[in-house]
Structures are given as C-alpha cells and as structure tokens.
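Structure first, then comments.
Here, each number is a calculation from the coordinates, and none is a lab measurement. Predicted model only: the values in this text are computed from it and were never measured. Every residue, glycine as well, gets a Cβ built from its backbone with ideal geometry; the counts of neighbours run over all protein chains shown.
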Amino acid sequence: MRAVIIGNGTIEDSSFIAKNISSEDIVICCDGGSKYLFKEGILPKYIIGDLDSSDMPIITFFETRGAILKKFPSKKDKTDMELCIDFAIGLGLKEILLLGASGTRLDHSLANIGLLANCLDRNIFCYIKDEHNEIYITNNKIELEGEVGDTISLIPFSDKVEGVSTFGLEYSLQDYTMYQDSSLGISNVILNKKISIEVKNGKLLIFKSVD
C-alpha cells in the first residue's frame with residue numbers, strides 16, 4: 001500500500017493528480033493541496049497542516065464526507081509536507097509519492113527534495129512527481145522505467161557519491177565517483193525502457209525529465 005501526498009505546489013492541469021492515484025492508495029491532503037483534490041472530485045483520507053493556504057469551505061466539504069482533519073499551529077518546526085510524511089510513516093507505509101511538491105517556491109521545492117533523503121535514511125521509498133519531472137534518491141540501487149529518449153540527470157546529494165554505475169543510459173558510468181560541485185551527470189539519455197543505477201557510497205538524486 002502506498003501513501004500519495006498532495007501538496008500546494010505548481011500543478012498546471014489538476015487531472016495529473018487523478019492519473020497518479022489508484023483506488024488502493026491512501027490519499028493525504030497537505031494543506032493547500034485540497035484545491036486540486038476538490039477540482040478532481042477526489043476525497044482524501046486525511047487532511048494535515050496548519051490550513052494557512054486552504055479554502056476552508058473545501059476543508060469543511062471534505063470533513064462532512066469523512067476526511068479526517070489533523071490541524072497544526074502555524075508556528076511549528078516542520079513544514080506541512082514533512083508532517084504529512086511523518087504521519088504516513090507512522091501508518092506503517094513504506095512507499096510515499098509526493099505530488100504538488102515542487103513549483104515556484106524554490107525553498108519549498110528544495111526542502112521537499114531534502115525530505116527524500118530523510119526518508120531514505122528511514123528505509124522509506126519516497127519520490128516526487130510533477131508534470132515535467134520525476135525525482136528519486138538512492139544510496140544503493142534503483143531500477144526505473146521510462147521511454148527511450150527520456151532525459152535522466154544524476155546529481156550528488158552528498159559531497160561525493162562513490163561507485164556510481166549506470167545501465168541502460170547513453171553515457172554510461174562504471175564504478176565512478178561523482179562530486180556535488182560538478183554538472184557531469186546532467187542530461188543523460190535513456191536507451192532502454194528499464195534502467196538501473198547503482199551506488200556504493202553516498203546519496204544520489206535521479207531526475208527523469210520530460211520537456
């Protein structure tokens with residue numbers, strides 16, 4: 001079972017949300033993400049946050065239909081997204097998809113990418129999707145699917161990432177050391193629909209992008 005957390009980031013077409021939610025997912029609304037769910041007619045299981053970016057009539061609408069509200073004070077040490085992730089992990093879920101976790105607020109986008117690393121340390125598979133990117137992180141091995149010609153970028157999240165090996169990409173790496181202050185891993189290309197990336201030491205971000 002997977003948690004899908006919908007945030008208040010940039011989503012140009014709200015149907016993107018419905019395309020990435022299945023009937024088996026536990027849907028968690030992160031504060032202002034409520035507007036996207038409401039537009040698509042999707043009822044969240046939980047609503048979490050300080051509600052400073054929510055339309056209260058929408059929150060009330062969801063509550064009357066069974067959504068569980070967990071309201072937090074606006075002055076707190078964690079973002080609403082981190083609270084949602086902590087809650088999902090507390091439910092025992094090992095896979096978390098973040099939607100609406102990127103956008104024009106680069107501070108929030110970077111913080112959410114950092115939360116992927118936080119989840120990795122807790123043995124949770126957490127990843128971000130938006131209409132143009134999928135963002136993953138690994139410190140071991142990850143297998144992904146894509147279309148031939150898709151763009152893949154590898155960006156170290158630690159000072160260096162040792163033992164990087166790629167399979168199914170145009171520009172291959174074998175037991176390579178990548179450094180955080182280098183752009184070496186930008187704009188690789190998928191050659192096979194299934195690819196894999198291995199890391200021996202360090203944390204590596206993987207961006208699968210569609211322009």
Work from the charge dipole of the chain (Cβ charges, +1 for Lys and Arg, -1 for Asp and Glu, about the Cα centre) and give the residue of 168, 156, 142 farthest towards its positive end.
142
For residue 71, list the aspartates and glutamates whose Cα falls under 17 Å from its own Cα; do not include residues on the same chain fewer than 8 positions away.
31, 50, 52, 55, 63, 80, 82, 86
Nearest-ten-degree value, helix 80-90 long axis tilted from longest Cα axis of the chain
80
Students often check this: by mean Cβ neighbours within 10 Å, which of 154-167, 64-77 ranks highest, and how do the rest follow?
154-167, 64-77
Could you order peptides 1-11, 34-44 by the average number of other Cβ atoms within 10 Å of their residues, highest first?
1-11, 34-44
Residue 53-residue 16 FRET efficiency (beta carbon distance; Förster radius 25 Å; 0.05 resolution):
0.85
In degrees between 0 and 90, to the nearest 10, how far off the longest principal axis of the chain does helix 106-121 point, with axes built from Cα atoms?
70
For the stretch 93-135 the mean separation of alpha carbon contacts under 8 Å (6+ apart) over residue count, i.e. relative contact order in percent, is 49
Quick check for you: which residues of the stretch 66-82 have the amide N under 14 Å from the point 7 Å beyond the Cα of residue 91 toward its beta carbon?
67-70
What do you get for Rg/Rh over the stretch 1-59 if you use C-alpha atoms and the Kirkwood form of Rh?
0.93
How big is the gap, in Å, between the Cα center of the stretch 17-73 and the Cα center of the stretch 77-146?
18
Principal axis box of the stretch 2-131, alpha-carbon based, largest edge first, Å:
37, 34, 31
Would you mind checking 94/129; 19/39; 70/203; 160/200; 76/129 for any pair whose Cα atoms are more than 21 angstrom apart?
70/203; 76/129
Give me the log10 of I(q) over I(0) for the stretch 24-88 at q = 0.20 Å⁻¹, as the Debye formula computes it from C-alpha points; what are the numbers?
-0.70
Taking every pair of Cα atoms in the stretch 138-209, average 1/r, invert it to obtain the Kirkwood radius, and report Rg/Rh to two decimals.
0.93
Of 106, 191, 98, the one that fluctuates the most in a GNM where the chain has Cα springs shorter than 10 Å:
106
Structure-based [θ]222 nm, the chain - -39500 (n - 2.57) summed over DSSP H runs of at least 4, per residue, nearest 500:
-6500 deg cm²/dmol
